[in-house]
Structures are given as C-alpha cells and as structure tokens.
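The values are calculated or read from the model by the stated rules, or taken from the named source; none is laboratory data. Since the model is a prediction, treat every value here as computed from it, not as a measurement. Backbone-built Cβ (ideal geometry, glycine too); neighbour counts: all protein chains shown. For accessibility, only protein heavy atoms count, side chains too; no ligands or nucleic acids. Shrake-Rupley method; radii C 1.70, N 1.55, O 1.52, S 1.80 Å.
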Amino acid sequence: MVMTACGDVATVERESGAGSPEGYPLTLENCGHEITFEAPPERVTLLESAPVTILDGLGVFDHVRSRAGHFPLEYYDGELARKVQDVEAFSEDMDASGHLMISEEVVVAQSPDLVLGLPDGITREGLADAGGVVLTQELYCEESGGEAFFDDLYAEIDRYGRIFDRAQEAEALNTELSDRVAAVEEQTRDEDRSAAVLYPSVGGGPLYTYGTASMAHPQLAAAGLENVFADVDERVFEVQTEELIDRDPDVLIVLYQGEEQDAKDALSQRSGLEVVSAVAKGDVHYQLFNFTEPASPLVVDGLERIAEYFGTEG
C-alpha cells in the first residue's frame, strides 16, 4: 500500500540479536521518534479506543492487558464488545472535550511493553524508562500535514502488522477494507452535495471542523460529498458560526464522544446555525468520533453509515 503525508514511515530492520524472534529487533519511526521492539508486544495498554479494531483485525487483541478512557460498545460487534469489556479498565476519567485525564504513574503501574495513545500528561520518555514503547497515530503527529487519504489507514494497519509480526493478516485486512471503500465509491460517483464534519463542544465551548489533513476528508470524498473546508490543510480547527453559514454545507456529519443527545443539544443551542442549509433541511447525521477519526477500520464503518444515512449508497 502507498503511504502518504505523515504516514510515510521510515522503517529500519536491524539484525536479530541472540534469542530474538526472526525479524527483531525491529525499529520504526513514529512522529519523529525511533521506537524499537525486541519482540512482538505481549502487554498492550490502550489509552484510546481507535486501535481496538486494528488489533482485532490482526488477531492480536488478546495481547491487550489494560485500557483507560471511553470505549463505546457501539463500535464493536458482540464478540469483540465482550472482549473489550473483559479488559481491565483502570481509568475512565475524561474532560469536557472527551480527552483522557490520567497520570503517567498510573500507566507505568500497568507494566506495558506497548502503549497505544499519548494523552496529555504522558511522555514517551517516562514510559520508556519503565520499558513501555509508545505508538501514536501518524495523523496526530505535530509535523503531520498535507491531504489525508485512505492509504493512511492502510499504512497504519501495515505498521501494526510489522510490529506484531502479522504482515499477512494486515494485507488481508487492508484488502477487505479497500474493497468496501471502492464499493461505496462506485455507488456515490454521481453525488454533488457539499458537507462539513463538525465537533461541537458540550457546554457552549468552541465548535470544531475538519480540513484535508483529517480522515474526515477522504471519508466525505468516498461518500460523494464535497468538503466545504477542502481549502484548509489542517486536521481540526475552530470554526465560527458566521463562516459555517457562509460556506453553507448541504449536509452535516456531527461527531461526538459520550452521549448523542449532548451533541444534539450542543449544536441546537448555537444561535444562527438554523439558517445553514443542512440544519434547515434536517440533513444532519450524528456519529461517534472514531467512525471518522483517526485512521482505523471504524472509518470504513463510518463511511458506510454516512452513505446509508444520506441515501448515497445503492
């Protein structure tokens, strides 16, 4: 698969040392940091929910030993939902923006050899001292830029495949996902509506939207919808009501974490949005955050949901 934008990952395989599995030690670059694996990880700690479906798709979710944060069961089928529930949850403290609030000491106490996610207050250096390697989404890198593509999803899965020595499983998962994306694209090629993806802060905080560096951008394109913020090469940024009115999208996808009703209330309470075409016509689709961001198989699930909701599929 082609790697794009910050998803261009320089990988260097070093000669295996005594007692190391074939292909290890393995060194990759992640967000400008070299990370080295002496063997496939066995004690994984999840500090975000998006990697769950990648790990499950590669057949290595049983390597997850602990998790922290919010893991909505709507993301997963029945069997995987049960697996997620069975994993020890050592913290579920979230702030008003849906970000995990946790101390480094609590994470270190889990004795992970791989930590997925890097919330505020956690450092690579602090976890490395305790033997934990941190892996974050390339789209979240500070130096990330440029237009996002579904190739960024495939590159993310390839990266996990290398780390866990599951390259064949990664290839098979990517083939399945790319076929599903192509099937939606085939049905939506004649669409010409405009759209915006929003994240309204609960409690009257800022309203955010997504530009070309977000997975929201290729998701909209695959659904046959034109991103009205396609001229902004950022991942996510604050948008004023007046600008959203000026750009006047035909449809809206509203992301949320927590309860859907909270997102509906947050949007309806914003004065002036009632004149936006999507709002006036009721063409607003609400979906959980990971169905659009970041790059995981859930984005393909989200694409299919968008296409079905707006009648752009079939």
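Counted over the chain with a bin width of 20 Å, the fraction of Cα pairs per bin, in whole percents, is 32, 58, 10, 0. For region 171-314, the calculated P(r) over all alpha carbon pairs, in 5 Å bins from 0 to the bin holding the longest distance, is 2, 10, 21, 24, 22, 13, 6, 2, 1, 0 percent.
Between Val232 and Thr212, the built amide H atoms are under 5 Å apart, and every one of these is 5 or more places off in sequence or on another chain. Counting only protein heavy atoms and using a 1.4 Å probe, the accessible area of Met101 comes to about 100 Å².
In degrees between 0 and 90, to the nearest 10, how far off the longest principal axis of the chain does helix 150-163 point, with axes built from Cα atoms? Roughly 20 degrees between the two axes. The C-alpha radius of gyration of region 37-174, expressed as a fraction of 2.2 N^0.38 Å, stands at 1.02. The accessible area of Glu88, taken with all protein chains in place and a 1.4 Å probe, comes to roughly 100 Å².
When the helices of the chain are scored as -39500 (n - 2.57) per DSSP H run of n ≥ 4 and the total is divided over every residue, the value at 222 nm lands at -9500 deg cm²/dmol.
Per residue, how much accessible area does the chain have with a 1.4 Å probe, in Å²?
Working: 13790 Å² over 314 residues.
Heavy-atom accessible area per residue stands at 44 Å².
Relative to the longest principal axis of the Cα atoms of the chain, the long axis of helix 167-188 makes an angle of roughly 10 degrees.
With coordinates expressed along the principal axes, the C-alpha atoms belonging to region 147-247 extend over 49, 33, 23 Å, beginning with the largest. Accessible surface for Thr188 stands near 0 Å², nearest 10, in the context of the full protein assembly shown (1.4 Å probe). Residue farthest toward the positive end of the dipole of the chain, with Cβ of Lys/Arg at +1 and Asp/Glu at -1: which of Val228, Val276, Leu135? The one lying farthest along the dipole's positive direction is Leu135.
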